[in-house]
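Written out below as structure tokens is the structure these notes cover.
The values are calculated or read from the model by the stated rules, or taken from the named source; none is laboratory data. Predicted, not measured: the structure shown is a model, and the values here were computed from it. Note: ideal-geometry Cβ built from the backbone for every residue, glycine included; neighbour counts use all protein chains shown. Just so you know, the surface numbers come from the protein's heavy atoms only, side chains and all, with ligands and any DNA or RNA stripped out. Shrake-Rupley method; radii C 1.70, N 1.55, O 1.52, S 1.80 Å.
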Amino acid sequence: MANILHKIKAYLYDNVLTKDNPNDLSVRIVTERSLNVQQICP
């Protein structure tokens, strides 16, 4: 079986639920948005 790797783009935001910990982040990915040329060919 071939190993197939996919890249995803994740956006990190401050977690508003834990303001006392600066290392706690919230992650969002965008799956509905289409990619532009800069994202396809960096």
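Could you count how many residues in the stretch 10-30 are modelled with pLDDT of 80 or more, in a loop (DSSP other than H, G, I, E, B) and under 26 Å from Cys41 (Cβ atoms)? Final tally of qualifying residues: 0. Close Cβ contacts (under 9 Å, 6 or more residues apart or on different chains) running from residues in the stretch 11-24 that are free of Cβ contacts under 8 Å to residues at least 40 places away in the same chain to residues that are in a loop (DSSP other than H, G, I, E, B) and open to solvent by 100 Å² or more (accessible area, probe 1.4 Å) comprise Asp14/Pro22; Asp24/Leu17.
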